[in-house]
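Reading through the structure tokens given below for one structure.
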Amino acid sequence: MPQLLTLTRAARLVGSTRGALQRKIKLGELETFEGMVRAEDLLRAYPEARLEDNTVIERMAQIKDSAFSKRIRERLLPDAEILVARLSALGKELADTKTQLQQYRGLIERFQNTLGAAEQEADGDARRAVGALKSWLQRELQPAALGVDRQAFLVKDSFLRLMTAHVQILPSQHEFFVEGSDSLLEAALRAGLALDYGCSNGNCGLCKARLVSGQVKKIRPHDYVLSEADKNAGCILMCSNTAVNDLIVEAREAGGAQDIPLQRIAARVKRVEPLGNEILLLHLQTPRTNRLRFLAGQQVSLGLPDNSLVAEYPVASCPCDDRNLEFHIPRLPGNAFSDYVSKALKPTDVVTVEGPKGTFVFDDESHRPAIFIACDTGFAPIKSLIEHAMALDVAESMQLYWIATDGRHYLHNLARSWADALDSFGYTPLAGGMNDALARISTDHPWLGEFDVYLAGPEPAVDEIEAALLAHGLPRQQLFSGRTP
Ligand code: FES
């Protein structure tokens, strides 16, 4: 039976991304069967892939790690109990395979003997035909016929199964890997999925899901009590369990901004620091048990102190790290909020976060190549979207245009590091007049019909760019825009 692989697993095995595999499928270079690919087809599509080469995955992991703060990969290895369980499952599989192999060997030996006897008894054409069949069988049984690539592939697949567990979510069919001792919820968020959850800490029960197959291990006690009916139905809490082996789980996911509840959280200032002369980075941290659930691109109200000053800002960080929230606050002369942030706000001060708000979010189901256009501090929600898109790994390619009207791209090095790390990511910093910037985008993309475009910045700039893009042939439903202060 051919070995079928999900796209996520296949991408890992050949050291590529899901987006790159999807491009090959679209070009007809790789066949799929109900969303799965055959190991043989994968090796044919990637004849040059060195199976020990994980460069792309490692680069992507580094980007995700920096978006997810340092707590990720603190414990890269699964704990001993999980490793033992996975080793014993692999050992059982090996034993079953060996038994089967012995049966096949016996069968082939008997078949060879039967062919030998038939060759002796036959004559003429029949004898030649049986002889040819015997020789063919002999050739096919040579160890080299299996192929070095195929062997390396099997070794890598086994190693991947030892180190990580694959999880498929129903009914969406979304998938992700659980690494180390991450909870199922942490791993899903890191993969860009918007699972239903609340406290992340075993109290609220919102992350309750039904285990369809596989085995989980509780990694923290939880106060939420699962009823007998829940237990009988196989319910688990995603925030309190990790995966022992590959799982299928039935879980609720947000289908859009309307599914994310409004939250009010007292967060604390972790740091305030300048990003160049004009922008301040405000880093807030929520309590461990009261994190902000939001979608990339959304904004919140920030209230300080005692809510006497309130302003709305897009979250500049990735929803994959729901505890560490970053904001890019422009220093505006005479603006009481930015003055307070710049002169009075100190680490550990409390800031009230209310949100999320807005519908400027990523279309997770689209596989179209994405163009991101940020105008000035429109980079904040665009940064969140890009980090989310990288975690999700569905877009075929991503191109960022950052228009800085004052010529200062305050996180230029970060944007450049994305482009340096990923072949499928392009970055073009633009400065000066809007007309020049629009001319450059139109020249680079004479036909916009196949792209999704995400555009963010101050209202007048967004209005102007929107009108130009639509006039240039971008379908309305493929344009997503967000207005920033
Ligand atoms: S998120 Fe609250 S119990 Fe899991």
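Of the candidates Ala209, Ala296, the single residue that is more than 20 Å from Val350 (Cβ to Cβ), in contact with a His (Cβ under 6 Å, 6 or more places away or on another chain) and of a type outside the set (Lys, Arg) is Ala296. Which residue pairs have Cβ atoms closer than 7 Å, lie 6 or more positions apart in sequence or on different chains, and pair a first residue in segment 203-224 that is in contact (Cβ under 8 Å) with a residue 12 or more places away in the chain and of a type in the set (Ser, Thr, Tyr) with a second residue that is within 8 Å of the ligand (Cβ to nearest atom) and assigned to a loop (DSSP other than H, G, I, E, B)? Note: pairs meeting the criteria are Tyr224/Gly202; Tyr224/Asn203; Tyr224/Cys204; Tyr224/Gly205. Of the set (1) of a type outside the set (Val, Ile, Thr); (2) at pLDDT 95 or above; (3) more than 13 Å from the ligand (Cβ to nearest atom); (4) surrounded by 15 or more Cβ atoms within 10 Å (Cβ to Cβ), all apply to Asn245 but (2).
All conditions but one from (1) part of a helix (DSSP H, G or I); (2) surrounded by 19 or more Cβ atoms within 10 Å (Cβ to Cβ); (3) among the basic types (Lys, Arg) apply to Lys231; the one that does not is (2). Considering segment 413-485, the qualifying strands (runs of 3 or more DSSP E), each wholly inside and each with 3 or more residues that are within 25 Å of Thr17 (Cβ to Cβ) and among the aliphatic types (A, V, I, L, M), run over 452-457. Listed by first and then second residue, the pairs linking a residue in segment 330-351 that is outside the structural domain of Ala266 (by TED's automatic domain parsing) and assigned to a helix (DSSP H, G or I) to a residue that is of a type in the set (D, E, K, R) and crowded, with 17+ Cβ neighbours inside 10 Å, with Cβ atoms under 6 Å apart and 6 or more places separating them unless they lie on different chains, form an empty list. From the list Pro171, Pro221, the lone residue that is within 23 Å of the chain's Cα centre (by Cα) and not assigned by TED's automatic domain parsing to the domain that holds Ala391 is Pro171. Going by the conditions given, is Leu262 within 20 Å of Arg331 (Cβ to Cβ) and at pLDDT 95 or above? When the stated conditions are applied, Leu262 does not pass them. The requirement of being surrounded by fewer than 24 Cβ atoms within 10 Å (Cβ to Cβ) and of a type in the set (Gly, Ala, Ser) is fulfilled somewhere in segment 392-404, by at least one residue. Candidates are the residues of segment 157-193 that are within 16 Å of the ligand (Cβ to nearest atom), touching a Phe, Trp or Tyr at 6+ places or on another chain (Cβ under 6 Å) and of a type in the set (Gly, Ala, Ser); the one that is nearest to Leu87 (Cα to Cα) is Ala187.
Residue-wise test of (1) acidic (Asp, Glu); (2) touching a strand residue (DSSP E or B) at 6+ places or on another chain (Cβ under 8 Å); (3) within 23 Å of Thr377 (Cβ to Cβ); (4) assigned by TED's automatic domain parsing to the domain that holds Arg476.
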| residue | (1), (2), (3), (4) |
| --- | --- |
| Thr405 | no, yes, yes, yes |
| His412 | no, yes, yes, yes |
| Ser417 | no, no, yes, yes |
| Ala421 | no, no, no, yes |
| Phe425 | no, yes, yes, yes |
| Thr428 | no, yes, yes, yes |
| Asp436 | yes, yes, yes, yes |
| Trp447 | no, no, no, yes |
| Val453 | no, yes, yes, yes |
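Once segment 194-234 is narrowed to residues that are closer than 19 Å to Gln263 by Cβ and among the aliphatic types (A, V, I, L, M), the residue that is nearest to the ligand (Cβ to nearest atom) is Leu206.
Answer with yes or no whether Leu226 is in a loop (DSSP other than H, G, I, E, B) and among the aliphatic types (A, V, I, L, M). In short, yes. For the list (1) more than 24 Å from the chain's Cα centre (by Cα); (2) assigned to a strand (DSSP E or B); (3) touching a residue at least 12 places away in the same chain (Cβ under 8 Å), I need the number of the one condition that Asn277 fails. Of everything listed in (1) more than 24 Å from the chain's Cα centre (by Cα); (2) assigned to a strand (DSSP E or B); (3) touching a residue at least 12 places away in the same chain (Cβ under 8 Å), Asn277 misses just condition (2). Checked against (1) without any contact (Cβ under 8 Å) to a residue 12 or more places away in the chain; (2) over 21 Å from the mean Cα position of the chain (by Cα), Arg416 passes all but condition (2).
Test Val315 against the criterion of being more than 26 Å from the chain's Cα centre (by Cα) and crowded, with 17+ Cβ neighbours inside 10 Å, and give yes or no.
Working: more than 26 Å from the chain's Cα centre (by Cα): no; crowded, with 17+ Cβ neighbours inside 10 Å: yes.
So Val315 fails the test.
The values are calculated or read from the model by the stated rules, or taken from the named source; none is laboratory data. Predicted, not measured: the structure shown is a model, and the values here were computed from it. Neighbour counts are summed over all protein chains in view; Cβ atoms, including those assigned to glycine, are modelled from backbone coordinates with ideal geometry.
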